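The values are calculated or read from the model by the stated rules, or taken from the named source; none is laboratory data. Computed from a prediction, not measured in an experiment: that's the story for all the values here. In this analysis, Cβ positions are derived from the backbone assuming ideal geometry, glycine residues included, and neighbour counts consider all displayed protein chains.
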């Protein structure tokens, strides 16, 4: 059986979903027999590769880099999974949205609440500019499946992945689509 | 009291004439999802989760405020109703800032439960992200407008069970807000008796005990029904 080309991506999130992915424990040892990890924060690949079969997207679309990358990912990937609450809803990363503008968010964090040396971080070409509104992944590009949870527990990830690896349309039970 | 006979989801049901469709369905073990309904408190039909189809009527009707009638043929769980219920839930999640992961009611929330029961794995509508405050002025309780679904359970227990009339609804449409007295900080309210019935009534994390952190807010719903029943049956002197 040909191995599936699998990617995992870390956008605007805390990496908790990836930590939960590592909680798959010994199942991770079985995974390479069925999937090849071609791009991930866990492997050293700089460029998102072509012809990816399945990508788990952790995190929301928060800055210009995320926006550029997610369009590239969509073009190069057959199946996208919004992986965890930030990707599905915006979640904690979107709690800045009521402030409406990126400038207001930076001011709040780096000027108003600063104890020492208040100044805005400015490293053009290094720090990507924040978007005014944090968006869930499906608000930017079409997403095939949603895997809620903050983070999704390992067994929930396994349920979804196992079905996708077998080429089935994944079915999740009621308790497996709970936010939070 | 005269009995009425009607059909709910193909099942012949006998009900008392002043019962609502919701009560009749529940007596017959037919579940209808609700959010603004709270046992022991008058119904207002605010949330529309309990909408049902009645054969021969083009409109959908809220089961909690529709009385039974002889010969009615009611459907509670058609594909259309399921679709509308999920749509309603998505609109509720999009309207304010329900961040389940950091909510006091995570894991004990009626809105969260309804979402899972209706297969809501994402929200198709744009999140409105309104800039709403949290009133933490009260000595015992907090009111987080971000989590409020405007079901008015708190208003109803405050007026009709406690009789204090502290909580109220101001504004219209999506600009509606729960207020205390004349839209002043809760701590400045002259009428609040600090009874806590509003906190017991809240389906989400909008009303909570101060000091409760993520997922710690659990409520005892039966307390309210217990108080109402004891009063109606005059089991104690108030």
- Query: Just one of the numbered conditions (1) within 14 Å of chain B (Cβ to nearest Cβ); (2) crowded, with 24+ Cβ neighbours inside 10 Å is not true of residue A:55; which one?
  - Reply: (1)
- Take the residues of the stretch B:149-169 that are part of a helix (DSSP H, G or I) and in contact with a helix residue (DSSP H, G or I) (Cβ under 7 Å, 6 or more places away or on another chain): which is surrounded by the most Cβ atoms within 10 Å (Cβ to Cβ)? B:153
- Message: Whether any residue in the stretch A:135-153 is on the phi < 0 side of the Ramachandran plot, free of Cβ contacts under 8 Å to residues at least 40 places away in the same chain, crowded, with 20+ Cβ neighbours inside 10 Å and within 14 Å of another protein chain (Cβ to nearest Cβ) is what I want to check.
- Response: no
- Message: Only one of B:37, B:108 is within 26 Å of residue B:224 (Cα to Cα) and in contact (Cβ under 8 Å) with a residue 40 or more places away in the chain. Can you tell me which?
- Response: B:108
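Considering only the stretch B:129-139, I want to know if a residue exists there that is facing chain A (nearest Cβ under 7 Å) and on the phi > 0 side of the Ramachandran plot.
Yes: one or more hits.
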- Query: Based on what the data block shows, is residue A:107 more than 14 Å from the chain's Cα centre (by Cα), touching a residue at least 12 places away in the same chain (Cβ under 8 Å), surrounded by 14 or more Cβ atoms within 10 Å (Cβ to Cβ) and more than 14 Å from chain B (Cβ to nearest Cβ)?
  - Reply: yes
- Message: I need the full set of residues from the stretch A:84-104 which are in contact with a strand residue (DSSP E or B) (Cβ under 8 Å, 6 or more places away or on another chain) and away from chain B (no Cβ under 12 Å), in order please.
- Response: A:102
- Item | Candidates B:187, B:201 - the one that is without any contact (Cβ under 8 Å) to a residue 60 or more places away in the chain and either on the phi < 0 side of the Ramachandran plot or not assigned by TED's automatic domain parsing to the domain that holds residue B:115 (or both) | B:187
- Please go through the stretch B:109-128 and pick out each residue that is within 7 Å of another protein chain (Cβ to nearest Cβ), surrounded by fewer than 23 Cβ atoms within 10 Å (Cβ to Cβ) and assigned to a helix (DSSP H, G or I). B:116, B:117
- Query: Looking at this structure, is residue B:64 in the same structural domain as residue B:38 (by TED's automatic domain parsing), over 30 Å from residue A:59 (Cα atoms), touching a strand residue (DSSP E or B) at 6+ places or on another chain (Cβ under 7 Å) and part of a helix (DSSP H, G or I)?
  - Reply: yes
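Residue under question is residue B:146, and the condition is that it be within 14 Å of chain A (Cβ to nearest Cβ), at pLDDT 95 or above and farther than 19 Å from residue B:48 by Cα; does it hold? Steps first, answer last, please.
Working: within 14 Å of chain A (Cβ to nearest Cβ): yes; at pLDDT 95 or above: yes; farther than 19 Å from residue B:48 by Cα: yes.
So residue B:146 passes the test.
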- Query: How many of the residues making up the stretch B:174-194 are at pLDDT below 95 and touching a helix residue (DSSP H, G or I) at 6+ places or on another chain (Cβ under 7 Å)?
  - Reply: 1
- Among the residues of the stretch A:76-97, write down those that are crowded, with 18+ Cβ neighbours inside 10 Å and part of a helix (DSSP H, G or I). A:85, A:86, A:87, A:88, A:89, A:91, A:92, A:93, A:94, A:96, A:97
- Message: I need a count of the residues in the stretch B:7-24 that are in a strand (DSSP E or B), closer than 15 Å to residue B:54 by Cα and in contact with a helix residue (DSSP H, G or I) (Cβ under 7 Å, 6 or more places away or on another chain).
- Response: 3
